[in-house]
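In what follows, a structure is listed as structure tokens, so that the remarks can point back to it.
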Amino acid sequence: MRLTHLSIRRFRNLESQELDLPPEGVALVGENAQGKSNFLEAIYYLETFRSFRGARDDQLIAFGEEVFRVAGRLTSPDASEPAVEVAAAFQRKGRKKKVTVDGAEPERLSDGLGRLAAVIFSPSDVAIVNEGPSERRRFLDIVLSLNVPGYLRSLQTYRQALQQRNAALKDGRSSAVVSVWDEPLVRSGAEVTAERARWIESVSEEFTGYYTEVSGGQSAVPTYKPSVDTDRPTDAGAAADAYRDGLAAVADRERRMGTTVVGPHRDEVTFAIEGDRDLDVRDYGSGGQRRTAALALRLVEASTIRAARGQEPIVLMDDVFAELDEGRSERILQLIEREETGQVILTVPKESDVKVRRDALPRWGIRDGRI
Ligand code: ATP
Ligand code: MG
């Protein structure tokens, strides 16, 4: 599906406007602080109903306003499917979020997720690799919630059980009270861990392929590292057994610390470079190597969308060539150009920075939030 119309109301600094987008995409050209990233943020909001930059919803409302609204029309390129209208609005007062699909509110917000299929490439992606493990878990949770049926439900069940159990630990409740939450925690937690580990395993080879291609011959291998000792994290039963043993082993520590210390909220993903020496890219990788790992993650995310949702994702690129050397930029372009059927929406500071589909993409200018 392509985004063929976008309606923006009081979103960040963007002027309220109606835009018809070309099916092949567009290059948005504008100087710093004019609203380029805000524009991509508005589009991506229609996929996850959240900011891709991790901003809170109230920060997305234009200064001095009370509510924003974004709406998009999705059209299939060959008209094989009916067009879909997805809209999202957020009101500061009462923190009310309303999502509609074709004008009707889905029973749960999560039922509206992922109608728009897009992958966003941004210089801030490097944080997924650079920062602490919670960034990598967040990345996995978003990708899997959108592409693996049932994942979001397991995750929500886990979070609830974890919250209740942590509250009991923090209040110094008896172990009988705390352990009421052990089984719900272990079962949902094992499902979360198993799905994440399965995804990493299933994309591992492809990830390495992209990494090698972009870096021009180097290698990196992703591994899912659960917070408990198990050699079969992809198996929910084995993971559950490991969590049960893990909880028993850390019971005293949990009492002292007042919080649950094993489970998917403590799991990690590592990227080993220089294969035989198993060096973590976070500890030993150069800036370029870490950016390449982040990029390879986005590329496997795109192929996951293709496989799971049967759609060519819309490629959103927020000034991504700013920090990569020529060779890497060229090879990324080749990778993205290979899938030449999809829509590409990119932002650049200067006309001459348009490197993807140089001749095919119409140019739009942006100044002070007006496109
Ligand atoms: P750069 O090239 O530097 O990345 P950009 O064009 O991507 O610039 P944006 O991140 O889109 O810039 O931000 C444009 C402007 O939007 C910023 O100057 C910022 O102050 C403003 N802005 C951010 N949030 C809001 C808001 N809630 N209401 C109004 N303006 C906002
Ligand atoms: Mg920007």
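The values are calculated or read from the model by the stated rules, or taken from the named source; none is laboratory data. Everything numeric here is computed off the predicted structure, so don't read it as measured data. Ideal geometry is used to build each Cβ from the backbone, glycine not excepted, and the neighbour counts take in all protein chains shown.
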Contacts under 8 angstrom Cβ, first residue in region 159-177 being among the β-branched types (V, I, T), partner surrounded by 13 or more Cβ atoms within 10 Å (Cβ to Cβ), 6 or more apart: V177/A168
What is the one condition in (1) buried (at least 21 other Cβ atoms within 10 Å of the Cβ); (2) in contact with a Ser or Thr (Cβ under 9 Å, 6 or more places away or on another chain); (3) of a type outside the set (S, T, Y) that L297 does not satisfy? (2)
What number of residues in region 99-127 are charged (D, E, K, R) and in contact with a Lys or Arg (Cβ under 9 Å, 6 or more places away or on another chain)? 2
Here are T270, T260, T230: which of them is within 25 Å of the chain's Cα centre (by Cα) and among the polar types (S, T, N, Q)? T270
Got a sec? Which of G35, G64, G54, G30 is over 23 Å from the mean Cα position of the chain (by Cα) and within 16 Å of ligand 2 (Cβ to nearest atom)? G30
Out of all the residues in region 28-47, is one or more away from ligand 1 (no atom under 13 Å from the Cβ) and over 24 Å from L109 (Cβ atoms)? no
Criterion first (surrounded by 17 or more Cβ atoms within 10 Å (Cβ to Cβ), within 16 Å of ligand 2 (Cβ to nearest atom) and under 19 Å from the mean Cα position of the chain (by Cα)) does L40 satisfy it? yes
For region 211-226, what are the residues that are in a loop (DSSP other than H, G, I, E, B) and farther than 12 Å from V269 by Cβ? G216, G217, Q218, S219
Against the condition at pLDDT below 75, assigned to a helix (DSSP H, G or I) and under 28 Å from G114 (Cβ atoms), how does I336 come out, does it pass? yes
Residues of region 66-91 being over 16 Å from Y45 (Cβ atoms) and charged (D, E, K, R), in sequence order, are E66, D78, E81
Odd one out for R12, checked against (1) over 21 Å from A127 (Cα atoms); (2) among the basic types (K, R); (3) more than 8 Å from ligand 1 (Cβ to nearest atom): (3)
Requiring at least 3 residues that are modelled with pLDDT of 95 or more and outside the structural domain of I345 (by TED's automatic domain parsing), the strands (runs of 3 or more DSSP E) wholly within region 1-113 are none
